[in-house]
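In what follows, a structure is listed as structure tokens, so that the remarks can point back to it.
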Amino acid sequence: MKILKSVLILAMAIVNFNVMSQETSVPNLLRDQLNVTDNHVYVIERELPGAGNLSAEELEAISQTSCGVLEKMGEDNIKWLHSYVTGDKIYCVYRAKNEELVKEHAAKGGFPANSVAEVKSIIDPSTANLN
């Protein structure tokens with residue numbers, strides 16, 4: 001299980017780094033995802049004690065497990081966008097047709113899904129510029 005957690009965290013960090021190095025911001029990319037027909041964006045809170053201390057190998061294994069489950073479920077149904085790793089939690093952002101698919105992915109992958117919330121809107125500092 002520790003290996004799976006580490007892989008998930010590493011993959012999330014790599015995706016975030018790659019996205020942040022592009023001109024398009026993460027909020028803008030997520031806003032685009034909110035506009036995908038028949039899909040919703042969800043934030044999943046996963047309680048994983050020690051998540052921030054997982055090794056690259058552990059993160060890789062977690063990510064591989066997650067991606068394997070997602071592949072079987074179908075990218076048109078559910079897609080992992082990125083995640084944030086903190087000390088004892090991982091916050092994952094997914095696009096899915098419904099919340100049940102998010103929970104099914106967690107169950108099949110052996111991941112906790114302590115909280116699943118649908119994203120209704122995305123704001124960032126540019127939201128303050130109403131011009």
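The values are calculated or read from the model by the stated rules, or taken from the named source; none is laboratory data. Bear in mind that the values here come from a model prediction, so they are computed numbers and not experimental data. Cβ coordinates were reconstructed from backbone atoms using ideal geometry, including for glycine residues, and neighbour counts include every protein chain displayed. Note: areas computed on protein heavy atoms with side chains; ligands, DNA, RNA excluded. Shrake-Rupley method; radii C 1.70, N 1.55, O 1.52, S 1.80 Å.
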Across segment 47-85, what is the total count of residues that are farther than 23 Å from Lys120 by Cβ and touching a helix residue (DSSP H, G or I) at 6+ places or on another chain (Cβ under 7 Å)? 19
Got at least one residue in segment 77-90 being assigned to a helix (DSSP H, G or I) and at pLDDT 95 or above? no
What are the residue pairs meeting all of these: first residue in segment 111-129, first residue under 21 Å from Asn39 (Cα atoms), second residue assigned to a helix (DSSP H, G or I) and open to solvent by 50 Å² or more (accessible area, probe 1.4 Å), Cβ atoms under 6 Å, and 6 or more apart or on different chains? Ala113/Lys103; Val116/Glu99; Ile122/Arg31
Among the residues that make up segment 100-114, is at least one of them aromatic (Phe, Trp, Tyr) and touching a Phe, Trp or Tyr at 6+ places or on another chain (Cβ under 8 Å)? no
Complete set of residues in segment 86-126 that are open to solvent by 50 Å² or more (accessible area, probe 1.4 Å) and touching a helix residue (DSSP H, G or I) at 6+ places or on another chain (Cβ under 8 Å): Thr86, Asp88, Lys89, Glu104, Lys108, Glu118, Ser121, Ile123, Ser126
